[in-house]
Amino acid sequence: MVHVLGVQLPDYQYARFALTAFYGIGHKTAHRLCARLQIHDKCKVRSLTPHQITELAAFLSSPSTSTPIPRFPLATSSYKPPPASTPLAVLKEETKKLSQKAWADPLRHIKIESEARRVVKDNIAHQRMIGSYVGKRHAMGLPVRGQNTQNNARTAKKLNRVDRRG
């Protein structure tokens, strides 16, 4: 088993599915992480190299400070290449201007584990504080999303009683 940031990743699972063991990482985010770190879809956790594991741990510990992905825009159908005599510095400058256009890295502000739990807890506390219907249901330990309460509210009563309330 590989131990990354306090989470055990099982050796026999594909890396893409094992990453969902982190609270706050679903299938789509795990797929994006694997693409970003150049981990193949069919790569199992046991076959990850130590460099890939270190890279994964470094990225998940602080995604906002990680190196950005190099983005090079694709040419449009009306694109005409510059003449061959154009200096390389000018071409690099143009590429840099094009790559800085309105693209936001979806993994830049990812929150996992305790940060994600804190956000959920803060959201519930905010709902309770403003006195919304959802907040009142959380406070009473009842189902929040419109489920039937006559017979089947046991699970919601258990979950809403646990430390999700402020």
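The values are calculated or read from the model by the stated rules, or taken from the named source; none is laboratory data. Model, not experiment: these values are computed from the prediction. All Cβ positions, even for glycine, are placed from backbone atoms using ideal geometry, and neighbour counts span all protein chains on display. These area figures cover heavy atoms from the full protein model, side chains too; ligands, DNA and RNA do not enter into them. Shrake-Rupley method; radii C 1.70, N 1.55, O 1.52, S 1.80 Å.
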- Message: Residue pairs, Cβ under 8 Å, 6 or more apart or interchain, first in the stretch 114-140 and open to solvent by 80 Å² or more (accessible area, probe 1.4 Å), second of a type in the set (Lys, Arg) and modelled with pLDDT of 95 or more. List them.
- Response: none
- Query: Of all the residues that make up the stretch 43-64, how many are outside any helix (DSSP H, G or I), surrounded by fewer than 14 Cβ atoms within 10 Å (Cβ to Cβ) and either under 16 Å from the mean Cα position of the chain (by Cα) or aliphatic (A, V, I, L, M) (or both)?
  - Reply: 1
- Residue by residue through the stretch 65-80, note down the ones that are more than 17 Å from the chain's Cα centre (by Cα), without any contact (Cβ under 8 Å) to a residue 12 or more places away in the chain and open to solvent by 100 Å² or more (accessible area, probe 1.4 Å). LEU74, SER77, TYR79, LYS80
- Message: If a residue must be of a type outside the set (S, T, N, Q) and in a loop (DSSP other than H, G, I, E, B), how many such residues does the stretch 1-18 contain?
- Response: 6
- Pairs, first closer than 10 Å to ILE112 by Cα in the stretch 19-37, second of a type in the set (Asp, Glu) and crowded, with 17+ Cβ neighbours inside 10 Å, C-beta under 7 Å, six or more apart: none
